[in-house]
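K.L.:
This is the structure I want to talk about, given as structure tokens.
The values are calculated or read from the model by the stated rules, or taken from the named source; none is laboratory data. Predicted model only: the values in this text are computed from it and were never measured. Note that we place each Cβ from the backbone using ideal geometry, even for glycine, and neighbour counts take in every protein chain shown.
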Amino acid sequence: MDTSLEHTHEIEPHIKVARARAGVLMLIVSDALAVLAILAGGGYLRALNTEGQYKVAGDFAPAFLPGLLVMIALVLSGLSYFWWERRARKPRETGQTPFFLLALVLMLAAGVAETWIAAALRYGIPIHAYESVQLLLTWFTAVHLLLAAIIGLLLGGRILRGRLVGHEFIAEVVGYWWYYTVIASLLMWLFGMYLT
Amino acid sequence: MSDTISSTTVAAVKRPNLINSLFPSVISGIVLGVAAAAVAGVLVNRMTTAFSPDSVPNDDAVTAAVYTAWVLFFFIGIGAFNGVFKWAFGRREPTPAEELQLAGKDQGLWRYFRFTTDHKVVGMQYLATVFVLFFFGSMGAFMIRLEQSRPGAIFFNPATYNTIVGMHGIIMIATTIIMVSGPFGNFILPIMIGARDMAFPRLNALSYWLLFAAIPIFFSTLALGGFPTGWTGYAPLAVQELTPGMDAYCFTILVFAVSTTIAAMNIITTVMVMRTRGMTWGRLPILVWGVLLSVILSLTAFPSFIVSQIMVLMDRIFNTSFFLAASGGSNWLYEHLFWFMGHPEVYVIALPAMAVAAELITVFTRKPLFGYRLLVGGLVGISVLSVIVWGHHLYTSGSENALVGPYMLDTELISIPTGIFFLVLVGTLWRGKIWLTVPMLFVCGLLVNFVIGGITGIYLADLPTDEILHGGMFVTAHFHFTLVGAGVFGFFAGLYYWFPKMVGKRLDPLLGRLHFWLFEIGFVGTFTALFYAGLQGEPRWSANIAPPFATPNLIASLFAILIAASVFTFIYNVIHTLVLGERAVANEWGAKTLEWTVPTPVPLENFEELPVVTSLPYDYGSPLPESPVTPAADIAGAITQAPVQPQVEE
């Protein structure tokens, strides 16, 4: 191949926006299907109840109250992000940064709390199918929340340096992932409650 | 200047010295990855020993830590994250010079060993990897045929034989998944749609190097006791199997699935947003449709496979019970999660190959494609139906009777859109001026083999016949006719067709014909014999064949010698062409798709000015001066100057 090119061609701004939107949506579709597979798997094992061993006496669920608090924090984080993002998406506006910071802190706190909930699940061996599903749901949620928090930190770096201007679409596409994380985590938590 | 170019920047490129060239590169990646894997292994070994009540390390946890460290630090070492955090934190955007450096500017052949973002480099990396994996997979096949050439153990004990069969299966499945979408989807597809690169060039390089990182993990299974489950990795055997080779298998699948998912996201986004002006959905070349639908299927199917492997690893490392019946788990869960990926994966392999056949048949009959929209509809129909048929793999597993009827029906419905594919291709051949080149020979081979694979599939879709044939050699022969007959023949058709554009040299047509005939005769002979053995009742997964099946197996093994000869003929042809081959012209076949309008070798960013597309690229019935693209001056010139049937191969 000929690599003697001395010029780069910049991509048009609207294509940059479109590809960011499409890329994040693809990521969400893929991840949502993984979540769906876990939920379907959990429901399937519950329905089969193989040899009556799906859930036996002594099997327990993740702590309810901390889980509820995590979900409340997540919903508030989503709403706070939405409040900030509505303004930040508009050109020449940076949004109301405290709302972003609130969303980030809540997401970070939720991630840490969910990790603590997951780590506190000290199931005895053998871990039965019910507890296996709960373990997977809890850790899967924790990983999602921590991932969203890391993305939020990176976005926070951009905002604090004032480099969101001209890249407002980043607030929008991070928002897609942010809202998806909230919804997916809520779904997994509700499903865990349903299994209980 | 085209509207798509908002500005052009002159880049002051720093010429790399030796140190800059070597680091970061695949060498630094391997060094750092291996070192980190060793450290992680020692640390986790000590930690698990310390926390274990009986002071025994958790081998599965150690294996998991080693492979995680290998992948992560390999990517740090190869420079995949260089500049990413600066960009992510908004400290600064990459300069045009850095972009060009990353795209491999003036780095010669060494750019193929670096984290290079140019889609053509990534395409060539995929192509080289396909060659290597295909060679190893083929060697596995010949070892199998050698062992099965007569009854009794000849060379291998049953455990070694199982590992060889499993490795052959995984290598070939992975290779055929990337066979068309990897090399041609990366090199050709962006040019075909009039784009300068993929939507996410860094992700493109990432997807390839993830595949690369998975290869040593996979081959490490040999040193870790192998995996006795075969390519499907069925649980609970995968959970109960004590060798760490099974962990290596799970990690291979995870890394490969993530690589495929990233590639799928990138290709879908590229086709959605990077098409040039006038390249409407109704004007997309068929190859683009085939690859697009294939990767959409990947994106849909692979998450369940990823989840299944996470569950297996959890069962192995943390003693959970997703698949252990004694603790409320179920093997059926694995089978559902696996086959929800496993059946669409057949079409992940077949769709791009079918699209290659359709793409080429218009060029070599000099006719418009018969029923373009019909064919696109057929391919979409196959894609949709393929995700709802996985239950037919569980007929004999004791699944609910009420599900059998619907699964039989929807499996058989796939015959309709597949039949449309054949109708369109035969309709295009009808009264065409057929130019029987090497690519066209492989297209004809694909049509013959895929018909046999498709028709024999009907017997496996129907419960009454499947009850008899399931788990036998008939199934082996059927899926080889489908995956090799369509996937591999489609790949070779595409390779002989696009090789001149990708490499700048023309593969020797005489050796190409020899390759085709050896392969076709050997392939049909081998697997027809196995159809017969299957009908006689020979089971699969048996290391030693029983005496009643000796004759068909001997015939199959003798025909396999022809396949082996075809592989070596092909390797010789590639090496001979690279060293002594004739230079190719820009439009080798007088074709009308956009990749033939750019110079050979293809420059970085492909187009100086982006073309505007005004029609489908298959209007061979029209007078040649009517080019499907503008700007017309140089591009139409390239097309009109190309002979209608250039480079006669006799």
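K.L.:
What helices (runs of 4 or more DSSP H) completely inside segment B:1-111 contain at least 3 residues that are exposed (fewer than 15 other Cβ atoms within 10 Å of the Cβ) and at pLDDT below 85?
P.N.:
It comes to B:18-22, B:84-88.
K.L.:
Within the bounds of segment B:145-157, is there any residue that is of a type in the set (Ser, Thr, Tyr), over 28 Å from B:GLU241 (Cβ atoms) and more than 14 Å from chain A (Cβ to nearest Cβ)?
P.N.:
So far as segment B:145-157 goes, yes, one or more of its residues are of a type in the set (Ser, Thr, Tyr), over 28 Å from B:GLU241 (Cβ atoms) and more than 14 Å from chain A (Cβ to nearest Cβ).
K.L.:
Kindly evaluate B:VAL121 against the criterion of being modelled with pLDDT of 90 or more and at the interface with another protein chain (Cβ under 10 Å from one of its Cβ atoms).
P.N.:
Against the criterion (modelled with pLDDT of 90 or more and at the interface with another protein chain (Cβ under 10 Å from one of its Cβ atoms)), B:VAL121 qualifies.
K.L.:
Checking the condition touching a helix residue (DSSP H, G or I) at 6+ places or on another chain (Cβ under 7 Å), surrounded by fewer than 23 Cβ atoms within 10 Å (Cβ to Cβ) and assigned to a helix (DSSP H, G or I), which residue from B:THR269, B:THR261, B:THR252, B:THR300 passes?
P.N.:
B:THR300
K.L.:
Condition first: out of contact with any His (no Cβ under 7 Å at 6 or more places or on another chain), part of a helix (DSSP H, G or I) and free of Cβ contacts under 8 Å to residues at least 12 places away in the same chain. Can you find one or more residues in segment B:534-554 that meet it?
P.N.:
yes
K.L.:
Check B:MET272 against each of (1) away from every other protein chain (no Cβ under 14 Å); (2) modelled with pLDDT of 95 or more and name the one condition it does not meet.
P.N.:
(1)
K.L.:
Ok, one more. Given the criteria more than 19 Å from the chain's Cα centre (by Cα), aliphatic (A, V, I, L, M), within 30 Å of B:THR600 (Cβ to Cβ) and not in a loop (DSSP other than H, G, I, E, B), does B:ILE177 qualify?
P.N.:
no
K.L.:
Turning to a different aspect of this structure: Looking only at segment B:180-202, count how many residues are modelled with pLDDT of 95 or more and in a helix (DSSP H, G or I).
P.N.:
10
K.L.:
Among the residues of segment A:115-133, count how many are in contact (Cβ under 8 Å) with a residue 60 or more places away in the chain and more than 10 Å from every other protein chain (Cβ to nearest Cβ).
P.N.:
Counting residues in segment A:115-133 that are in contact (Cβ under 8 Å) with a residue 60 or more places away in the chain and more than 10 Å from every other protein chain (Cβ to nearest Cβ) gives 0.
K.L.:
Right, something else. For segment B:282-310, how many residues are without any contact (Cβ under 8 Å) to a residue 60 or more places away in the chain and either farther than 21 Å from B:TYR347 by Cα or in the same structural domain as B:ASP60 (by TED's automatic domain parsing) (or both)?
P.N.:
1
K.L.:
Mind listing whichever residues of segment B:331-363 are under 11 Å from the mean Cα position of the chain (by Cα) and among the acidic types (Asp, Glu)?
P.N.:
The answer is B:GLU345, and nothing else.
K.L.:
Would you mind finding the one in B:MET172, B:MET179 that is touching a Phe, Trp or Tyr at 6+ places or on another chain (Cβ under 7 Å) and either buried (at least 18 other Cβ atoms within 10 Å of the Cβ) or farther than 30 Å from B:VAL356 by Cβ (or both)?
P.N.:
After ruling out the rest, the residue left standing is B:MET179.
K.L.:
Please name all residue pairs, on different chains or six or more residues apart, with Cβ atoms under 7 Å, provided the first residue is in segment A:35-53 and is more than 9 Å from every other protein chain (Cβ to nearest Cβ) and the second residue is among the aromatic types (Phe, Trp, Tyr) and surrounded by fewer than 20 Cβ atoms within 10 Å (Cβ to Cβ).
P.N.:
Cβ pairs passing all conditions: A:LEU39/A:PHE191; A:GLY42/A:PHE191.
K.L.:
Kindly check whether there is at least one residue in segment B:318-337 that is within 14 Å of another protein chain (Cβ to nearest Cβ), among the β-branched types (Val, Ile, Thr) and either without any contact (Cβ under 8 Å) to a residue 12 or more places away in the chain or in a helix (DSSP H, G or I) (or both).
P.N.:
Yes, segment B:318-337 has at least one match.
K.L.:
Output the number of the condition that B:THR269 fails; it satisfies all remaining conditions of (1) over 30 Å from B:PRO611 (Cα atoms); (2) touching a Gly at 6+ places or on another chain (Cβ under 8 Å); (3) among the hydroxyl-bearing types (Ser, Thr, Tyr).
P.N.:
(1)
K.L.:
Is it the case, given these coordinates, that B:GLY152 is in the same structural domain as B:LYS501 (by TED's automatic domain parsing) and in a helix (DSSP H, G or I)?
P.N.:
So B:GLY152 does not fit the description; no.
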